[in-house]
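Shown next, in structure tokens, is the structure this report addresses.
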Ligand code: SF4
């Protein structure tokens with residue numbers, strides 16, 4: 001879970017990158033960073049925390065140059081520590097280079113072990129650093145060829161931006177797990193994880209990067225090539241279900257439109273005899289709208305979200321029931337009391353939050369609380385860059401539907417089917433990644449490779 005941006009050829013590149021990271025803040029709140037390039041040198045400012053905590057006017061003024069890359073991070077591989085804050089910036093024998101990465105490289109641990117055995121010294125625990133080590137060792141003169149050489153050795157998910165003096169480079173893995181779009185801001189080029197960035201900075205959407213594509217931006221314009229062999233496509237279906245912003249267009253499709261269709265399909269498959277449809281905000285809102293529209297049942301914002309909760313808060317010593325959830329979500333008693341409600345959520349992971357939300361609704365006086373979920377049961381962790389827990393923590397991987405309903409405390413529980421999710425998205429199963437619902441990995445991992453996922457597993461514990 002990360003967001004990346006690159007800007008080439010703009011006089012206020014750092015400010016544009018900063019604004020872009022604001023638009024991508026939902027993709028990671030652990031750390032934020034920007035690297036700019038001026039007079040052949042890279043300047044980096046980065047730190048732990050959200051964009052507003054890391055960057056001030058003074059910090060941005062310390063970032064000169066007309067090209068920049070930026071990153072917001074939510075750790076998947078590599079612990080949450082300042083050494084792992086991206087973009088990485090370093091100097092190798094071809095000169096300075098900076099790199100920001102979204103995705104997870106499934107063979108990073110085994111590549112790292114080999115490199116360390118040969119004497120490489122790593123400064124981070126991030127999978128991304130392996131790309132830089134491999135690029136530095138590549139026996140080719142040009143840095144773009146070196147990156148291609150490095151990426152050819154990596155497996156898994158990457159959408160990335162790299163910067164060297166005079167050039168910005170963007171790449172998307174051959175299966176296309178994570179999104180990356182190209183835009184134009186006046187004469188400048190912009191690449192970003194999601195199109196909501198272009199709306200904020202006033203850029204025009206040009207096109208999505210193709211899977212397996214490398215794009216190089218320099219004073220001569222934009223140059224594209226596809227150095228990687230074409231494999232099957234595996235864009236992450238979870239981007240449309242939960243992760244991407246609803247005002248973005250991801251993989252060529254409007255996220256809000258998919259979410260509404262998921263809700264309509266959910267009603268067709270898992271109807272509920274209730275008085276009112278209530279979304280679990282924010283990501284349940286669009287599927288709930290679709291569910292209400294298809295069913296004709298009134299839609300009510302029966303849970304209100306506090307958007308201003310920070311990362312930490314002090315709990316009162318005298319315990320308040322469900323304080324952790326209550327500080328983020330408050331039920332509107334006037335809308336729920338005495339009514340049979342169906343809660344619409346985008347996913348159920350551990351089940352603990354759903355259980356608390358159902359309790360909140362009952363305490364607010366709801367006569368019945370039914371839960372409908374706009375994707376299938378999550379039964380496996382994600383190896384490609386979304387921070388889902390380990391299998392033993394996933395409720396649907398360890399309990400039957402009835403046991404899950406009982407744990408959550410809902411009057412009934414229904415998930416959207418895999419077929420229904422794909423139908424609503426207009427996709428075939430071989431066109432997207434659905435591994436967290438099917439355990440069928442689009443990147444075949446031999447058993448030994450699973451053993452090598454040490455970094456990944458450790459990061460999740
Ligand atoms: Fe997305 Fe799930 Fe595949 Fe991960 S496993 S890339 S979350 S669909």
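A short reminder: the numbers here are calculations on the coordinates, not readings from a lab. Note that the structure is predicted; figures quoted are calculated from it, not measured. Here the Cβ is made from the backbone with ideal geometry for all residues, glycine too, and neighbour counts use every protein chain on show.
Let me know the Kirkwood hydrodynamic radius for segment 108-201, please, with Cα pairs as the basis and the value in Å to one decimal. Its Kirkwood hydrodynamic radius stands at 14.9 Å. With the simple model of a label 7 Å out from the Cα in the direction of the Cβ, residue 82 to residue 39 spans 2.7 nm. Along the Cα-to-Cβ line of residue 269, 7 Å from the Cα, sits a label point; which residues in segment 384-420 have backbone N less than 15 Å from it? Only 401, 413-420 pass the distance filter. For the chain, the pair-distance distribution built from all alpha carbon pairs, in bins 10 Å wide starting at 0, is 4, 20, 30, 25, 15, 6, 1, 0 percent.
Considering only alpha-carbon pairs that sit under 8 angstrom and 6 or more positions apart, the relative contact order computed for the chain is 14 percent. For the pair residue 333 and residue 206 in one chain, pulling the backbone fully straight at 0.36 nm per residue adds 41.1 nm over the alpha carbon distance.
Computing FRET efficiency as 1/(1 + (r/R0)^6) for residue 140 and residue 309, where r is the C-beta to C-beta distance and R0 is 60 Å, gives about 0.75. Between residue 403 and residue 301, the FRET efficiency from the beta-carbon distance, with R0 = 25 Å, is close to 0.25. Each label point was placed 7 Å from the Cα along the Cα-to-Cβ direction; for residue 363 and residue 423 their separation is 3.9 nm. By definition, a body whose alpha carbon gyration tensor gives a ≥ b ≥ c is oblate when a/c is 1.5 or more and a/b is not larger than b/c, and segment 152-193 fits this oblate description.
Compute the length gained on full extension between residue 149 and residue 323: take 0.36 nm times their separation in residues and subtract their Cα-Cα distance, giving the result in nm to one decimal.
57.6 nm
How tilted is helix 255-269 with respect to the longest principal axis of the chain? Cα atoms for both, answer in degrees (0 to 90, nearest 10). So the inclination is approximately 30 degrees. From the Cα gyration tensor of segment 297-399, with a ≥ b ≥ c the square roots of its eigenvalues, which class applies: rounded if a/c is under 1.5, or else prolate if a/b is larger than b/c, or else oblate? Oblate, because a/c is 1.5 or more while a/b does not exceed b/c.
What does the highest-first list of 420-430, 380-390 look like by mean Cβ count within 10 Å? Spell out each step's value before the answer.
Details: 420-430: 17.6, 380-390: 20.7.
The peptides rank, most packed first, as 380-390, 420-430.
Pulled fully out, how much extra length does the chain show between residue 123 and residue 390, if you take 0.36 nm times their separation in residues and subtract their Cα-Cα distance?
On the way: separation 267, 0.36 × 267 = 96.12 nm, distance 2.63 nm.
Contour length minus the Cα-Cα distance gives 93.5 nm.
At a 10 angstrom cut-off on C-beta neighbours, averaged per residue, how do the peptides 125-132, 204-211 rank from highest to lowest?
Details: 125-132: 25.2, 204-211: 16.2.
Ranked from most to least packed, the peptides come out as 125-132, 204-211.
How much mean residue ellipticity at 222 nm does the chain get from its helices, if each DSSP H run of length 4 or more adds -39500 (n - 2.57) and you divide by all residues, to the nearest 500 deg cm²/dmol? Please report the intermediate quantities before stating the final value.
Details: 18 runs with 138 residues, N = 461.
One gets -8000 deg cm²/dmol as the mean residue ellipticity at 222 nm.
Where a ≥ b ≥ c are the square roots of the eigenvalues of the C-alpha gyration tensor, would you call segment 218-358 rounded, which needs a/c under 1.5, or, failing that, prolate if a/b is larger than b/c, or oblate? Because a/c hits 1.5 or more and a/b fails to exceed b/c, segment 218-358 counts as oblate.
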